[in-house]
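**Q** Pasting in a structure now, in structure tokens, and then I'll have a few things to ask.
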Amino acid sequence: MVFCVYILKSKNNNSMFWCVPLSTKQKSLDFYFNYIDPNNNKVSVILAQMRLLSIKRLKRKIYDIDNYTLQEIKMRLASFCR
């Protein structure tokens, strides 16, 4: 089983991190952020499913998100969490 997540920086603990799951299903809902990843796959960040996980769950890094997409995700998360 493979889980892909977008990792948000954790300021309060080095053994835990905030993450938001990624999905290959794109939907036009408020809590989905759709984009094309560096491998040209259609991906969605599911903003409503943000959670705190242990650093021990990390296996490998697949890719980095470009700065523009990163800022869009952060902006959407901020507006979704208000």
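The values are calculated or read from the model by the stated rules, or taken from the named source; none is laboratory data. Computed from a predicted model, the values in this text were never measured in an experiment. Glycine gets a Cβ as well: all are built from the backbone with ideal geometry, and neighbour counts include every protein chain shown.
**Q** Of (1) at pLDDT below 90; (2) aromatic (Phe, Trp, Tyr); (3) touching a helix residue (DSSP H, G or I) at 6+ places or on another chain (Cβ under 9 Å), TYR35 satisfies all except one. Which?
**A** If we test TYR35 against (1) at pLDDT below 90; (2) aromatic (Phe, Trp, Tyr); (3) touching a helix residue (DSSP H, G or I) at 6+ places or on another chain (Cβ under 9 Å), just (1) comes out false.
**Q** Same structure, new question: Mind checking which residues of region 63-82 are among the hydrophobic types (A, V, I, L, M, F, W, C) and surrounded by fewer than 12 Cβ atoms within 10 Å (Cβ to Cβ)?
**A** Passing the criteria: MET75, ALA78, CYS81.
**Q** Do you know which residues across region 40-73 are of a type in the set (Val, Ile, Thr), over 13 Å from ILE7 (Cα atoms) and either part of a strand (DSSP E or B) or modelled with pLDDT of 90 or more (or both)?
**A** Result: VAL43, single match.
**Q** How many of the residues in region 27-51 are surrounded by fewer than 12 Cβ atoms within 10 Å (Cβ to Cβ) and in contact with a strand residue (DSSP E or B) (Cβ under 8 Å, 6 or more places away or on another chain)?
**A** Count: 4.
**Q** Determine if region 25-32 includes at least one residue that is aromatic (Phe, Trp, Tyr) and at pLDDT 85 or above.
**A** Yes, some residue in region 25-32 is aromatic (Phe, Trp, Tyr) and at pLDDT 85 or above.
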